[in-house]
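*Asks:* Take this structure first; my questions come after.
All of the numbers you see were taken from the coordinates with simple rules; none came from a lab. Here the structure is a predicted model, which means the values were calculated and not measured. Cβ atoms come from the backbone with ideal geometry, glycine included; neighbour counts cover every protein chain shown.
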Amino acid sequence: MTAASPIADQIARHHASMVATLSEHTKTLARTRTPEGQQGALTQLVHYVDAELLPHAEAEEGTLYARGRELVALAVLVASMTAEHRVLRRLREALEDPALDPDARVLAAGALAGVFEAHAAKENEFLVPGLLAARVDVGGLLGSMREQLAGRA
Ligand SMILES: [Fe+2]
Ligand SMILES: [Fe+2]
């Protein structure tokens, strides 16, 4: 399904840029396989996840997901996507697990990037179109998300 409205397009573009950023950080991390060599890339990846990805997920839960949960057609989807946010949070914790060796850290970063890519695709292809089809004011919810995110900065 392709984005059917300017607002859906805007969300899909933002997700695409997040997917690309995570992929770049993961590739940078994978270039070196020593703990010391990985430190810079790991710091940047963790910073991105903490400053952008997890706040984005939290803001969604209070806006798009809260509204979607009220709709019978979207409730199960929202429950599964909320569970994916929990997986993303666990993978973020795994990135800094001192027990991981450099190869395992690359795998954790790749898992985080992969889970997010699949998750964002569901938002683009199912959640946002479902909300729009139910005539939810997605633009208004996005405005609330932005306010919430700006309030944290
Ligand atoms: Fe999400
Ligand atoms: Fe999202």
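*Asks:* Pairs please, first residue from the stretch 48-66 and of a type in the set (Val, Ile, Thr), second anywhere and more than 13 Å from ligand 2 (Cβ to nearest atom), Cβ atoms under 6 Å, 6+ apart in sequence or on different chains.
*Replies:* Once the first residue is of a type in the set (Val, Ile, Thr) and sits in the stretch 48-66, its partners that are more than 13 Å from ligand 2 (Cβ to nearest atom) give VAL49/ARG92; THR63/SER144.
*Asks:* What number goes with the only condition from (1) assigned to a loop (DSSP other than H, G, I, E, B); (2) within 12 Å of ligand 1 (Cβ to nearest atom) that HIS15 does not pass?
*Replies:* HIS15 satisfies all of (1) assigned to a loop (DSSP other than H, G, I, E, B); (2) within 12 Å of ligand 1 (Cβ to nearest atom) except (1).
*Asks:* Going by what's in this entry, would GLU36 be described as among the acidic types (Asp, Glu) and surrounded by 13 or more Cβ atoms within 10 Å (Cβ to Cβ)?
*Replies:* no
*Asks:* Considering only residues that are exposed (fewer than 13 other Cβ atoms within 10 Å of the Cβ) and closer than 16 Å to ARG135 by Cβ, which ones fall in the stretch 40-73?
*Replies:* The answer is GLU70, VAL72, ALA73.
*Asks:* Which of the residues spanning the stretch 102-129 are surrounded by fewer than 18 Cβ atoms within 10 Å (Cβ to Cβ), within 14 Å of ligand 2 (Cβ to nearest atom) and of a type outside the set (Asp, Glu)?
*Replies:* Across the stretch 102-129, the qualifying residues are VAL115, ALA118, ALA121, LYS122, PHE126.
*Asks:* Cβ-Cβ distance below 9 Å, separation of 6 or more or different chains: which pairs start in the stretch 76-104 with a residue that is away from ligand 1 (no atom under 16 Å from the Cβ) and end on one that is among the hydroxyl-bearing types (Ser, Thr, Tyr) and not in a helix (DSSP H, G or I)?
*Replies:* PRO102/THR32; PRO102/THR34
*Asks:* For the subset of the stretch 84-101 comprising residues that are more than 16 Å from ligand 2 (Cβ to nearest atom) and part of a helix (DSSP H, G or I), which member is surrounded by the fewest Cβ atoms within 10 Å (Cβ to Cβ)?
*Replies:* Residue satisfying both the conditions and the ranking: GLU93.
*Asks:* Going by the conditions given, is ALA59 among the aliphatic types (A, V, I, L, M), within 16 Å of ALA121 (Cβ to Cβ) and under 18 Å from the mean Cα position of the chain (by Cα)?
*Replies:* Here the answer is no, as ALA59 does not meet what is asked.
*Asks:* Which of the residues that make up the stretch 40-83 are more than 16 Å from ligand 2 (Cβ to nearest atom), small (Gly, Ala, Ser) and more than 30 Å from ARG105 (Cα to Cα)?
*Replies:* ALA73, ALA75
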